[in-house]
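Shown next, in structure tokens, is the structure this report addresses.
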Amino acid sequence: MFKVSIDTIENAKNKTVSVDFDEKIDGIECIDSIKAHLTFQSLGEFIEVKGNVKGIVKLQCDRCLENFDYKLDFDIDEMFAKQALLEDYGQEYELKEGQFVTDLNGADEIDIYDLLYQSVILNIPNQKVCGINCKGKTFPTEDSMSDPRLDVFKNIQIQPKNK
């Protein structure tokens with residue numbers, strides 16, 4: 001249902017297929033559905049996927065621990081290799097800047113759902129903060145949590161046992 005066949009891309013006009021996605025993604029707390037417009041284009045041994053993803057997800061602030069809505073709006077630019085890449089390059093293959101290729105290992109379709117799940121996860125910031133002015137929660141100090149009934153334990157002295 002959320003997959004695009006390589007044959008469909010190869011047989012399409014200009015070897016290009018456009019797909020619209022408008023669903024919630026399991027494992028991500030979405031406020032509404034994630035919307036994406038993706039274009040799949042065959043470039044010989046590679047499939048290029050370009051598009052835009054939008055949506056709103058619920059995150060927890062790392063400073064104050066309150067939930068907040070985070071707006072997603074990012075572009076996707078991915079490459080998929082139709083056949084195994086490493087067979088052609090032996091044991092060592094150097095990736096240069098900007099080279100990110102997913103190896104399909106001869107699979108006959110691309111999973112859109114998985115592609116979007118990974119893209120959304122990678123576009124959630126490492127430091128999740130609800131706002132620029134968030135100072136975080138004030139947690140109780142040791143003095144404010146002090147229970148007067150436990151004061152008796154403050155003066156206990158333990159003597160080492162002689163053997």
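Scanning the range 44-79 for residues that are aliphatic (A, V, I, L, M) and free of Cβ contacts under 8 Å to residues at least 60 places away in the same chain gives 56, 72, 76, 79.
Scanning the range 1-14 for residues that are part of a strand (DSSP E or B) and either at pLDDT 95 or above or polar (S, T, N, Q) (or both) turns up just one, 5.
Name the residues in the range 47-58 that are buried (at least 18 other Cβ atoms within 10 Å of the Cβ) and either at pLDDT 95 or above or over 19 Å from residue 25 (Cβ atoms) (or both), would you?
Filtering the range 47-58 down to residues buried (at least 18 other Cβ atoms within 10 Å of the Cβ) leaves 47, 49, 51, 53, 55, 57.
Hits for the range 47-58 are 47, 51, 53, 55, 57.
So, in the range 1-41, of the ones that are in contact with a Phe, Trp or Tyr (Cβ under 6 Å, 6 or more places away or on another chain) and under 21 Å from residue 54 (Cβ atoms), which residue ends up surrounded by the most Cβ atoms within 10 Å (Cβ to Cβ)? In this case the residue turns out to be 36.
For the range 95-102, the criterion of being closer than 24 Å to residue 4 by Cα, within 23 Å of the chain's Cα centre (by Cα) and either at pLDDT 90 or above or not in a loop (DSSP other than H, G, I, E, B) (or both) is met by at least one residue.
The values are calculated or read from the model by the stated rules, or taken from the named source; none is laboratory data. On a predicted model such as this, the values are computed, not experimentally measured, just so you know. No Cβ is skipped: glycine too gets one built from the backbone with ideal geometry, and neighbour counts run over all protein chains shown.
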